[in-house]
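The next block holds one structure in the form of structure tokens; read it before the comments.
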Amino acid sequence: SKSLSDEENLKLFGKCNNPNGHGHNYKVIVTVRGEIDPVSGMVINLTDLKEYMQEAIMEPLDHKNLDKDVPYFAEVVSTTENVAVFIWENLKKLLPMGTLYKVKVYETDQNIVVYKGEETI
């Protein structure tokens, strides 16, 4: 985080605090919801969903240094939580309104983030 000192970054992010970056092979699961089309039997055509995911996730993020290659992360810390928000926001723009239900991002088998958009309590 640019807003923290080197010592604070090390304490907060541990081994993930590397000024030269480090890599992850994220796994992303997208859940949609809505009325099931009586003809297709689907909430959304899976071919369409794959195309939306390609545009919203793969094109901007795949094989990229998030902090250097993705403008969104120039000002936002590239935590898994923020990756999930980025994916949500990109998909929300492409999917039919109200269809996107959940974005689940696996950084590792042990570190998983689930994001369902902004919810008011």
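The values are calculated or read from the model by the stated rules, or taken from the named source; none is laboratory data. What you are looking at is a predicted structure, and each value in this text was computed from that prediction instead of being measured. Heads up, the Cβs are rebuilt from the backbone with ideal geometry, glycines too, and the neighbour counts pull from every protein chain shown. Surface areas here come from the heavy atoms of the whole protein model, side chains and all, with no ligands, DNA or RNA. Shrake-Rupley method; radii C 1.70, N 1.55, O 1.52, S 1.80 Å.
Restricting the first member to segment 27-52 and to residues that are without any contact (Cβ under 8 Å) to a residue 24 or more places away in the chain, and the second to residues that are open to solvent by 70 Å² or more (accessible area, probe 1.4 Å), the beta-carbon pairs closer than 7 Å and six or more apart or on different chains are M42/I36. Within segment 112-121, being at pLDDT below 95 and either surrounded by 15 or more Cβ atoms within 10 Å (Cβ to Cβ) or more than 25 Å from D48 (Cα to Cα) (or both) holds for E119, T120, I121. With the structure loaded, tell me whether E118 is without any contact (Cβ under 8 Å) to a residue 24 or more places away in the chain and either of a type in the set (A, V, I, L, M, F, W, C) or part of a loop (DSSP other than H, G, I, E, B) (or both) or whether it fails that test. Taking the combined requirement at face value, the residue satisfies it. Consider segment 66-111 and keep the residues that are without any contact (Cβ under 8 Å) to a residue 12 or more places away in the chain and not in a loop (DSSP other than H, G, I, E, B). The one that is surrounded by the fewest Cβ atoms within 10 Å (Cβ to Cβ) is P71.
For segment 37-49, filtering for residues that are exposed (fewer than 11 other Cβ atoms within 10 Å of the Cβ), in a loop (DSSP other than H, G, I, E, B) and either touching a Ser or Thr at 6+ places or on another chain (Cβ under 7 Å) or among the β-branched types (V, I, T) (or both) leaves 1.
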